[in-house]
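To start, the structure itself, in structure tokens.
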Amino acid sequence: MPTALLINGAQPREPMAAGRLNTLLLETARSELQETHSVLTTTVADGYDAVAERRKFHDADLVIFQFPVYWFALPPSLKQYIDDVYAYGSFFGPAPHYGRGGLLGGRHYLVSTTWNAASRDFGSATTILGDRTADDVLLAFHLTQQYVGLKPLPSFAVYDVMQNPDVHGAATRLREHLRRHVIAAERSRSA
């Protein structure tokens with residue numbers, strides 16, 4: 001049975017955001033995957049042991065990062081987690097070409113994010129995002145995962161979470177996304 005590591009990178013920002021939606025989405029992923037995967041979890045805001053986290057990554061076949069996007073980037077606590085956990089000799093090492101020394105090969109990652117921006121704000125010349133996609137905005141995060149050897153799966157995003165929240169719809173869409181891009185894909189790879 002494959003192993004999935006689910007990382008809740010929510011960093012509560014009271015009174016604006018308490019992190020409940022990201023926690024719900026992480027729990028939705030756990031519920032959806034628990035029949036087909038051994039599931040490990042980490043909630044960054046609860047603290048962590050870097051050595052134990054490294055073991056989780058090495059045990060995992062899939063890593064799902066669940067986090068809100070703050071100022072077009074990941075929350076500072078999730079950045080600190082990456083700085084603490086992604087260690088030389090365990091996650092990456094020397095290579096003949098920059099960024100090709102990742103030691104987590106054979107594993108995939110999936111990014112699941114929540115945004116205050118509406119989906120219509122992407123690909124619009126009238127907004128600051130211009131013709132960028134959510135993945136374009138998070139390029140540095142994606143490059144970091146690929147630097148350590150993880151391979152991307154299609155990202156998932158929930159938009160407009162402050163003005164027009166749709167918690168039930170977000171959870172339903174995430175379940176469908178995981179069924180299509182994780183569960184069905186793994187079944188076809190093993191067939």
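General observations
- Within segment 83-117, being open to solvent by less than 20 Å² (accessible area, probe 1.4 Å), closer than 19 Å to L62 by Cα and in a strand (DSSP E or B) holds for Y109, L110, V111, S112, T113.
Yes/no matrix, rows are residues, columns are (1) over 17 Å from the mean Cα position of the chain (by Cα); (2) of a type in the set (S, T, N, Q); (3) modelled with pLDDT of 85 or more:
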| residue | (1), (2), (3) |
| --- | --- |
| H97 | yes, no, yes |
| A125 | yes, no, no |
| H142 | no, no, yes |
| P152 | no, no, yes |
| D160 | yes, no, no |
| D166 | yes, no, no |
| R173 | no, no, yes |
| R189 | yes, no, no |
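- Residue check, L129 under 26 Å from M1 (Cα atoms) and among the aliphatic types (A, V, I, L, M): no
- Subset of segment 66-79 (residues that are in contact with a Ser or Thr (Cβ under 7 Å, 6 or more places away or on another chain) and either open to solvent by less than 10 Å² (accessible area, probe 1.4 Å) or not in a loop (DSSP other than H, G, I, E, B) (or both)): Q66, F67, P68
- Any chance T133 is in contact with a helix residue (DSSP H, G or I) (Cβ under 6 Å, 6 or more places away or on another chain) and either of a type in the set (S, T, Y) or at pLDDT below 80 (or both): no
- Selection count, segment 15-48, where residues are open to solvent by 30 Å² or more (accessible area, probe 1.4 Å), within 25 Å of G169 (Cα to Cα), hydroxyl-bearing (S, T, Y) and at pLDDT 95 or above: 2
- Summed over segment 49-65, the residues that are open to solvent by less than 40 Å² (accessible area, probe 1.4 Å) and either in contact (Cβ under 8 Å) with a residue 40 or more places away in the chain or of a type in the set (K, R) (or both) give a count of 6.
- Flag for R120 being in a loop (DSSP other than H, G, I, E, B), modelled with pLDDT under 95 and either under 27 Å from P2 (Cβ atoms) or out of contact with any Lys or Arg (no Cβ under 6 Å at 6 or more places or on another chain) (or both): no
The values are calculated or read from the model by the stated rules, or taken from the named source; none is laboratory data. Since the model is a prediction, treat every value here as computed from it, not as a measurement. Neighbour counts run over all protein chains shown; Cβ positions are idealised from the backbone, glycine included. Areas reflect the complete protein model, heavy atoms only, side chains present, ligands, DNA and RNA absent. Shrake-Rupley method; radii C 1.70, N 1.55, O 1.52, S 1.80 Å.
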